[in-house]
Amino acid sequence: MHTLGSFGLLAGRIFIAWLFVHDATQLARFPADSIAYMEQFGVPGALLWPTALFQAAGGLMIIAGLLTRLISLGFCGFCLLTAVLFHHDFADGNELIQFGKDFGLAGGFLFLAAGGAGNWSLDARFGTDFWPLSLKKPEDLVG
């Protein structure tokens, strides 16, 4: 892959994952408010810390490019669940926007899962870039 493509994948990983690393810090800084918000939608407050851990550790792994395809699939599911559980009041324009953003993020994570982290990643360095659905790369699935 050429330098510009490698840079683009690294920058994209940073941009998409930093949102979740930052959100994890917000959950940790304001746990009472976060738990109240979660429970308002029927999500048990006990899931706060596992959620924060997933967002922080998974986000840092995406940035570093470690197990990127697998973690990206996890974030895709997380974004879809977030949209459905928290942003389903389509009469509220802001909620509709948040719903769409979560679906857009899920799509971005699908792109990352399909394409991998690129050359500037720990996956490339340590050979951990595998396709988790079959333990093969996507191009091996064709034919």
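The values are calculated or read from the model by the stated rules, or taken from the named source; none is laboratory data. Predicted model only: the values in this text are computed from it and were never measured. Every residue, glycine as well, gets a Cβ built from its backbone with ideal geometry; the counts of neighbours run over all protein chains shown.
Structure summary
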read-out: Residues of region 69-97 classified as among the polar types (S, T, N, Q) and either surrounded by fewer than 17 Cβ atoms within 10 Å (Cβ to Cβ) or assigned to a loop (DSSP other than H, G, I, E, B) (or both), total; value: 1
read-out: Test: LEU66 is within 21 Å of GLY127 (Cα to Cα) and not in a helix (DSSP H, G or I); value: yes
read-out: Members of region 1-27 found to be farther than 17 Å from GLY107 by Cα and touching a Leu at 6+ places or on another chain (Cβ under 9 Å), listed by number; value: MET1, VAL21, ALA24, LEU27
read-out: Among the candidates GLY107, GLY5, residue that is in contact (Cβ under 8 Å) with a residue 40 or more places away in the chain, assigned to a helix (DSSP H, G or I), of a type outside the set (A, V, I, L, M, F, W, C) and exposed (fewer than 15 other Cβ atoms within 10 Å of the Cβ); value: GLY5
read-out: Subset of region 17-46 [of a type in the set (Phe, Trp, Tyr) and either more than 21 Å from the chain's Cα centre (by Cα) or not in a helix (DSSP H, G or I) (or both)]; value: PHE30, PHE41
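Condition check ((1) modelled with pLDDT of 95 or more; (2) out of contact with any Lys or Arg (no Cβ under 7 Å at 6 or more places or on another chain); (3) of a type outside the set (Gly, Ala, Ser)) across all residues:
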| site | (1), (2), (3) |
| --- | --- |
| LEU27 | yes, yes, yes |
| GLY45 | yes, yes, no |
| THR68 | yes, yes, yes |
| LEU73 | yes, yes, yes |
| PHE90 | no, yes, yes |
